[in-house]
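Undergrad: Could you have a look at this structure, given as structure tokens, before my questions?
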Amino acid sequence: MSKIAKLSRRHFLGLAAVGTAGLIAAPQLTFAQTAAPTAAPTAAATAGALPPAPAAGPIDLKAAGGMDALVAAAKKEAELSTIALPNSWADYGDMKKQFLAKYSFLKHNDLNPDGGSGDEIQAIKDNAGNKGPQNPDVVDVGFTWGDTGKKAGLFQPYKVATWDSIPDSVKDADGNWYGDYYGTLLFEVNSDVVSKVPQDWADLLKPEYKGQIALGGDPTKANQAIYAIWAAGIATNGGKIDDGTAGLAFFAQLAKAGNLLPTIAQDATIAKGETPITLRWDYNALANVATSKAAGVNIATVYPTSGTIAGVYVQAISAYAPRPNAARLWMEYLYSDEGQLTFLKGHATPIRFDDLKKRGVIPAELLATLPKTDVKVALPTLEQINAASTNISKNWSTMVGSLLSK
Amino acid sequence: MRRASFWSWLWLALGLTYFGVPLLATFLFSVQANRGLISFDAYASVLSAPDFARSFLFSFRTALLTILISAVLLVPTAYWVHLRLPRFRLVIEFFTLLPFVIPPVVLGYSLIRAYNGTGLTDSSEGVYIIMLGAYVMLSFPYMYRAIDTGLTTINVRTLTEAGQSLGASWLTILFRIIFPNIAGALLNGAFITFAIVMGEFTIASLLSQPTLGPYMATLGSHAIYEPSALAVLSFLLTWASIILIQRIGRGKPIAAR
Amino acid sequence: MAEAVQSAALSSELPTEIVGAPQGQTTARFHFSWNWLGVLPFLAFVIAFQLFPTLSIIVRAFTDSTGHFSLDNIRALNDPVVIGSYWSTIKLSVFTAIGGGILGLLLAYAITIGGLPNWIRSSILSFSGVASNFAGVPLAFAFIATLGVTGILTKLLKSMGIALYPNFTIYSFSGLVLTYTYFQIPLMVLIMSPALSGLRREWREASENLGATPLQYWRYIGLPVLLPSILGTMALLFSNAFGAQATAYALVGGGAGANLVISLLVGSQSGGDVIANVGLGNSLVFGMIVIIGITIGIYAYFRRRSERWFSH
């Protein structure tokens, strides 16, 4: 009995497996994503071969036929998917609200608000070819991702009406990506808990700040944390922009001294006093200052005296955007005076700042809220950013993480 | 056996302390939105936000569907494995534990890619089906373990034989004999599944579905007291829902001891 | 109807092996094929929603950036940070699986056989449903609010003269153990309660009649009967802790995450703000799959041994 039974068992297990696998593979075969049997869908996914992008659309407003034509085309699409835009980040909350009030025919899909640049790029890659609401039309990513995204063919070019007033150093000549705002790193300190607020990087090493300092993100992948580490090294190195090794060494010292906590500082933990000292972009810190004030918590912001760093974020339209006209409408809004001033309201410096100031369109009260500093601010190039980001994210765990994990 | 010993009360007391104190700490923090006063401002701002009820109900419906599909898939399978395919048990247990090691982000992206050509990913409704499938997968470890434990304590073979000797068909045995006897275990598995679906964020966010998870994340991120208020609220609401399911589940006779 | 069958079952003889249809072995082939059809829906579902992601990870773990087969990603696992992370996560999962398992078992005992009122049992069960999934940022923050530098328990202990800090910190391995246990215990309670309820009263009474002490009852009857379920649930608890990510990220994700928890190391290789090593990410997950496989193997070994005591 057992011999016959064993054959039957294997026989049917095999048939069952092939049968169901075939059923699953069939849809892919029908739609010709791949032309090979079961193993191929996996292979295609591994090779990372993206489907060919749809033909590029109009390069600017003129080619699109003017603003009215663009609005009409966007009306037909009736939807816009943005990704990784937290409400309190450079006042994207108001930006989204105002945009949707202006173009009320658009349904907004607010994807993954707390995602990082890598999540955004991944979303484009994995949704390439589908038209659902989870496919992002536009992205706002760290500076280095503009370049890599272009090289991977993930963006489609578009030059907004105000293209010429965007500085050349922060945009792609072909129009694939373009800087939108920038900020400067600073110390954000809960001054109710910390009586003597640190003024410079060297102060952070003092024993009075034991167990009080935390980064604003994961140093193995978050832009904000990586720039903080980098800035520490640059400042303590006399302003020389290196590959991040000096920063790692500084943070290793911080960890050894017991001043560094291995946790992510958030608005709640700063206000509570658990992570009273943190290093974040000024626009994030200033947004928290206002919120905390309302709750009766005092937060101080300090630009470290020996120097800090600035970081630019860039916008891009996905090459696979299912709703490219709505995407272009969004870009036109972001780079309009109204949009740029909204960034300013969120304490971030809009990329067209010089142009706006020259034309005198910035309200005086708004101009007064712009974070200003006299300390030396490092402005790294693309190559430097790539090198330091890779170096810091790769070596943090070995150089510093091991000191923090007990 | 209804004598409650000292030890029972002790374990209960310890358990309640361990579970209660962190919740209490969260609650205490959430009412500090107005310095110096006990205030429920944070709760007001959470509840008054639009679409809170809508997201909650959307997640609620999704959770119930998940439990249903999961139970329909797993109860016959676990029963069959106990009865006829004991060697297959390990294979199934391995598969039911796999959802733990696949990071939800990876699961989400892989599913989108897998179904990219099928048209399922082109609409919100199609993507909902994918999300439902993912949630049923996520519930497998708990549902299967609960059902398996339930089946282990009842004598499956004997019950089946007795049922067969009384002339019952397989379906009758499954629904009128096995099911009522493991209903208690199944219900416990359902509770966990319910909580998982209500709180799930990553996959819902990747698939752009209006569930409670992404909604709460958008509301709470970068706010100070709202996240804690949200945590307490969602805990209480989920608990209330589970008690509701418990009450409804009591309608069927459960073999109580 | 359930009760009728149950009494028929209880009064029946010792259970015999069911080898096939009552018709006998002549229809053996037909019958075994029918057995496999029974698990076909489950398999189909697993293939559709689980196997594709799993297989694509495994394939990608053995593929380099040009798309060819390569062991580079696997070799990259031989790194002190990676090995330290795996080891740390295994320790974390074992501690919380056993610790949470034992504590959960005791609580489950208390609310089922322990004789506590029925309303306590249903409340604890429903509470456990929620608590077993109370993980991630809310849980981490709850523990920070309790045992953090400014936590209420910390302050309470300080007022009693016991200073937790700076020797102890919630942002550490021990902090993770404490926090993970919060969702491990309820899981154990939920799954073991039906099993404990299933211990038949007759066995207890019979053993008492034969003069056995409660300890002897548990040692020779109670625990052996329960052991397969206990072990299986602890394997579940292990996997639960092993794959957990959100809680660890919220507690130690700001600098020690990748060193302490393997799923955070995976996370830093994919979907961050910087160029990530996706190949390494895939091989890390592959390693996790292997470890879960080994866990199942260990559990299977112990279960086979324990099932000697309990013949189905």
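The values are calculated or read from the model by the stated rules, or taken from the named source; none is laboratory data. What you see is a predicted model; the values in this text were computed from it and never measured. Ideal geometry is used to build each Cβ from the backbone, glycine not excepted, and the neighbour counts take in all protein chains shown. The accessibility values were calculated without ligands, DNA or RNA, using every heavy atom of the protein model including side chains. Shrake-Rupley method; radii C 1.70, N 1.55, O 1.52, S 1.80 Å.
Undergrad: List pairs: first residue in region B:30-46 and within 13 Å of another protein chain (Cβ to nearest Cβ), second residue surrounded by fewer than 13 Cβ atoms within 10 Å (Cβ to Cβ) and not polar (S, T, N, Q) anywhere in the structure, Cβ distance under 8 angstrom, at least six positions apart or on different chains.
TA: B:Val31/B:Ile38; B:Gln32/B:Ile38
Undergrad: So, in region C:51-67, exactly how many residues are facing another protein chain (nearest Cβ under 7 Å) and either touching a residue at least 60 places away in the same chain (Cβ under 8 Å) or more than 16 Å from C:Val290 (Cα to Cα) (or both)?
TA: Residues in region C:51-67 being facing another protein chain (nearest Cβ under 7 Å) and either touching a residue at least 60 places away in the same chain (Cβ under 8 Å) or more than 16 Å from C:Val290 (Cα to Cα) (or both): 6 in total.
Undergrad: Right, something else. Taking the residues in region C:116-131 that are of a type in the set (Gly, Ala, Ser) and either open to solvent by 10 Å² or more (accessible area, probe 1.4 Å) or in contact with a strand residue (DSSP E or B) (Cβ under 7 Å, 6 or more places away or on another chain) (or both) as candidates, determine which candidate is farthest from the other protein chains (Cβ to nearest Cβ).
TA: Here the answer is C:Ser123.
Undergrad: In region A:203-245, what count of residues is obtained for those that are hydrophobic (A, V, I, L, M, F, W, C), closer than 15 Å to A:Lys376 by Cβ and open to solvent by 20 Å² or more (accessible area, probe 1.4 Å)?
TA: Of the residues in that region, 1 qualify.
Undergrad: Does C:Ser197 satisfy the condition of being in contact with a Ser or Thr (Cβ under 7 Å, 6 or more places away or on another chain), open to solvent by 20 Å² or more (accessible area, probe 1.4 Å) and facing another protein chain (nearest Cβ under 8 Å)?
TA: yes
Undergrad: Kindly check whether there is at least one residue in region B:195-212 that is assigned to a loop (DSSP other than H, G, I, E, B) and β-branched (Val, Ile, Thr).
TA: Taking every residue of region B:195-212 in turn, at least one turns out to be assigned to a loop (DSSP other than H, G, I, E, B) and β-branched (Val, Ile, Thr).
Undergrad: I'd like the full set of residues that are more than 8 Å from every other protein chain (Cβ to nearest Cβ) and buried (at least 17 other Cβ atoms within 10 Å of the Cβ), limited to region C:165-180.
TA: Hits for region C:165-180 are C:Ile170, C:Gly175, C:Leu176, C:Val177, C:Leu178, C:Thr179, C:Tyr180.
Undergrad: Right, another one. What's the number of the condition C:Ala48 fails, among (1) open to solvent by 50 Å² or more (accessible area, probe 1.4 Å); (2) facing another protein chain (nearest Cβ under 9 Å); (3) at pLDDT 85 or above?
TA: Checking C:Ala48 against (1) open to solvent by 50 Å² or more (accessible area, probe 1.4 Å); (2) facing another protein chain (nearest Cβ under 9 Å); (3) at pLDDT 85 or above, the one that fails is (1).
Undergrad: Could you look through region B:133-151, keep only residues that are open to solvent by 10 Å² or more (accessible area, probe 1.4 Å) and of a type outside the set (D, E, K, R), and pick out the one that is nearest to the other protein chains (Cβ to nearest Cβ)?
TA: B:Tyr142
Undergrad: Which condition number does A:Gly339 fail, the rest of (1) small (Gly, Ala, Ser); (2) assigned to a strand (DSSP E or B); (3) within 21 Å of the chain's Cα centre (by Cα) being met?
TA: A:Gly339 satisfies every listed condition except (2).
Undergrad: Also: Filter region B:79-126 for residues that are among the small types (Gly, Ala, Ser) and touching a Leu at 6+ places or on another chain (Cβ under 6 Å); which is surrounded by the fewest Cβ atoms within 10 Å (Cβ to Cβ)?
TA: B:Gly126
Undergrad: Okay, next question. Working carefully through the options A:Tyr182, A:Tyr158, find the one that is under 24 Å from A:Asn284 (Cα atoms) and buried (at least 20 other Cβ atoms within 10 Å of the Cβ).
TA: Going through A:Tyr182, A:Tyr158 in turn, the sole match is A:Tyr182.
Undergrad: Please verify whether A:Gln122 is within 23 Å of B:Thr121 (Cβ to Cβ) and in contact with a helix residue (DSSP H, G or I) (Cβ under 8 Å, 6 or more places away or on another chain), treating the condition exactly as stated.
TA: When the stated conditions are applied, A:Gln122 passes them.
Undergrad: With the requirement that a residue be basic (Lys, Arg) and closer than 20 Å to B:Gln32 by Cβ, what does region A:257-304 give you?
TA: Passing the criteria: A:Lys272, A:Lys293.
Undergrad: Just to be sure before I move on: is A:Asp147 under 27 Å from A:Ala173 (Cα atoms), in contact with a strand residue (DSSP E or B) (Cβ under 8 Å, 6 or more places away or on another chain) and charged (D, E, K, R) in the structure I sent?
TA: Answer is no for this residue.
Undergrad: If I filter region A:257-275 down to residues being of a type outside the set (S, T, N, Q) and under 21 Å from A:Ser306 (Cβ atoms), which single residue comes out as least open to solvent (accessible area, probe 1.4 Å)?
TA: Checking each candidate, the answer is A:Leu260.
Undergrad: Sticking with this structure for a sec: Can you find a residue in region B:60-72 that is in contact with a Pro (Cβ under 9 Å, 6 or more places away or on another chain) and open to solvent by less than 20 Å² (accessible area, probe 1.4 Å)?
TA: So far as region B:60-72 goes, no, none of its residues is in contact with a Pro (Cβ under 9 Å, 6 or more places away or on another chain) and open to solvent by less than 20 Å² (accessible area, probe 1.4 Å).
Undergrad: Same structure, new question: Out of all the residues in region A:140-187, which are farther than 18 Å from A:Asn386 by Cα and among the basic types (Lys, Arg)?
TA: A:Lys159
Undergrad: When you go through B:Ile178, B:Ile130 one by one, which is the residue that is over 30 Å from C:Ser229 (Cβ atoms) and part of a helix (DSSP H, G or I)?
TA: When all the criteria are applied, what remains is B:Ile130.
Undergrad: I'm checking my understanding of the structure. Among residues of region A:389-399 that are touching a residue at least 40 places away in the same chain (Cβ under 8 Å) and more than 17 Å from C:Ile262 (Cα to Cα), which one is surrounded by the fewest Cβ atoms within 10 Å (Cβ to Cβ)?
TA: Selected residue: A:Met399.
Undergrad: Would you list the helices (runs of 4 or more DSSP H) that sit entirely within region A:43-152 and hold 3 or more residues that are under 25 Å from B:Ser205 (Cβ atoms) and open to solvent by 50 Å² or more (accessible area, probe 1.4 Å)?
TA: A:92-102
Undergrad: Let me ask something additional. Out of curiosity, is C:Gly255 surrounded by fewer than 24 Cβ atoms within 10 Å (Cβ to Cβ) and not in a helix (DSSP H, G or I)?
TA: No, not satisfied.
Undergrad: For region B:204-244, what are the residues that are modelled with pLDDT under 85 and more than 20 Å from A:Asp267 (Cβ to Cβ)?
TA: Correct list: empty.
Undergrad: What's the number of the only condition in (1) open to solvent by 70 Å² or more (accessible area, probe 1.4 Å); (2) modelled with pLDDT under 85 that C:Ile83 fails to meet?
TA: (2)
Undergrad: Residues of region C:101-110 being more than 7 Å from chain B (Cβ to nearest Cβ) and either open to solvent by less than 30 Å² (accessible area, probe 1.4 Å) or in contact with a Cys (Cβ under 9 Å, 6 or more places away or on another chain) (or both), which ones?
TA: Once the filter is applied, which keeps residues that are more than 7 Å from chain B (Cβ to nearest Cβ) and either open to solvent by less than 30 Å² (accessible area, probe 1.4 Å) or in contact with a Cys (Cβ under 9 Å, 6 or more places away or on another chain) (or both), region C:101-110 yields C:Gly101, C:Gly104, C:Ala108.
Undergrad: Checking A:Asn190 against (1) open to solvent by less than 30 Å² (accessible area, probe 1.4 Å); (2) of a type in the set (S, T, N, Q); (3) in contact with a Phe, Trp or Tyr (Cβ under 9 Å, 6 or more places away or on another chain): exactly one of these is not met. Which one?
TA: Only one criterion is unmet by A:Asn190, namely (3).
Undergrad: Pairs needed: first member in region B:215-240, under 20 Å from A:Ser292 (Cβ atoms) and open to solvent by 20 Å² or more (accessible area, probe 1.4 Å); second member anywhere, part of a loop (DSSP other than H, G, I, E, B) and among the charged types (D, E, K, R); C-beta distance under 7 Å; at least 6 residues apart or different chains.
TA: Every condition considered, the pairs that remain are B:Ser221/A:Asp114.
Undergrad: Within region A:317-334, is there a residue that is assigned to a loop (DSSP other than H, G, I, E, B), surrounded by 23 or more Cβ atoms within 10 Å (Cβ to Cβ), in contact (Cβ under 8 Å) with a residue 12 or more places away in the chain and of a type in the set (D, E, K, R)?
TA: Checking region A:317-334: at least one residue is assigned to a loop (DSSP other than H, G, I, E, B), surrounded by 23 or more Cβ atoms within 10 Å (Cβ to Cβ), in contact (Cβ under 8 Å) with a residue 12 or more places away in the chain and of a type in the set (D, E, K, R).
Undergrad: Next question. From the list B:Phe201, B:Phe194, which one is closer than 23 Å to C:Ala246 by Cβ and at pLDDT 90 or above?
TA: B:Phe194
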